[in-house]
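A short worksheet on the structure shown next.
Taken together, the values in this text are just the output of simple stated rules run on the coordinates, not laboratory data. Keep in mind the model is a prediction, meaning the values are calculated, not measured. Virtual Cβ from ideal backbone geometry, glycine too; neighbours counted across all protein chains shown.
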Amino acid sequence: MTDRLAAALLAEALGLPRQPPPQPPLNQQLSPAERAEVADRELRLRAELARQAEAAEEQRAEHARGMGELQREVSKLGKQADEYEVRRANLEMAAEQLTLSLSLSLSLSLSLSLGLSLSLSLGLSLSLSLSR
């Protein structure tokens, strides 16, 4: 009988539909000591259920705080990844521009060298022609 009462109290604490506590058959009336024991057990069970409900609420609140922190951290990491990607793209463009500048500089340098060589060759040829 007391197990059924405990089950009914547990169901009530869990929010299940309440069923009336079972009534003992008339031939099994409880003595005053048994009633006091049942009442004491009921109080202890209610206190334990209240403690468990409070602990569960604290766990839910802690979980919610943890999830909030994780979401902020994920957002922060996402922003860092975006910033990294922008810096990488900027470096790639700068490297391409530098390569292009170096290539152009080398081309101009070769053109000037070739022009100077042609000028020297023409000057030597002219000098040789005049000296004959």
For the Cα atoms of the chain, what angle does the longest principal axis make with the long axis of helix 2-13, in degrees from 0 to 90, nearest 10?
40
Extension gain from T2 to E96, taking 0.36 nm per residue of separation minus the Cα-Cα distance:
25.5 nm
Around V38 (Cβ within 15 Å, Cβ-to-Cβ, excluding V38; K/R +1, D/E -1) the net charge comes to 0
Looking only at L110, L70, L45, which one moves most when the chain is put into a Gaussian network model with springs between Cα atoms under 10 Å?
L110
Most fluctuating residue given options S119, S31, S105, as computed from a GNM of the chain linking Cα atoms under 10 Å
S119
Pairwise label distance in nanometres, L43 with L10, each label 7 Å out on the Cα-Cβ vector:
2.3
Over the chain, with a Gaussian network built from C-alpha contacts below 10 Å, which listed residue (G78, G66, G15) shows the highest mean-square fluctuation?
G15
Relative contact order in percent for the chain (Cα pairs under 8 Å, 6+ apart) equals 18
What net charge do the residues around G66 carry, taking every other residue with its C-beta under 13 Å from that of G66, with Lys and Arg at +1 and Asp and Glu at -1?
-1
